[in-house]
Amino acid sequence: MAHCCGFPNLGRSKKKKVYVKFAVCSVCLGLDGDSTIKEVEYCDLCDAWICTKCTPRWLGRGWLATKKMFGI
């Protein structure tokens, strides 16, 4: 499973556990409307559940983070 932005320690506290589960990917849902269940990993930096396919989607993740920050 890839980590945040492809870097294994980015957005992760050494004190926290790595969270992996089967759920809806926040990026897939927000950008594509895809609500299928897949293996996702929680990113503390993004505050989102992200699948392996969406890890390199920089622009989409940035847009969703901006929307979340401003409540759009």
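Does at least one position in segment 40-47 carry a residue that is assigned to a loop (DSSP other than H, G, I, E, B), at pLDDT 90 or above and surrounded by 13 or more Cβ atoms within 10 Å (Cβ to Cβ)? Checked against the condition, which is being assigned to a loop (DSSP other than H, G, I, E, B), at pLDDT 90 or above and surrounded by 13 or more Cβ atoms within 10 Å (Cβ to Cβ), segment 40-47 yields no hits at all. Hey, any hits in segment 17-35 for a residue that's modelled with pLDDT under 85, in contact with a Cys (Cβ under 9 Å, 6 or more places away or on another chain) and surrounded by 15 or more Cβ atoms within 10 Å (Cβ to Cβ)? Within segment 17-35 (the criterion being modelled with pLDDT under 85, in contact with a Cys (Cβ under 9 Å, 6 or more places away or on another chain) and surrounded by 15 or more Cβ atoms within 10 Å (Cβ to Cβ)), the answer is no, since none of the residues qualifies.
The values are calculated or read from the model by the stated rules, or taken from the named source; none is laboratory data. The structure displayed is predicted, hence computed values, not measured ones. So basically every Cβ, Gly included, is an ideal-geometry build from the backbone, and we count neighbours across all protein chains shown.
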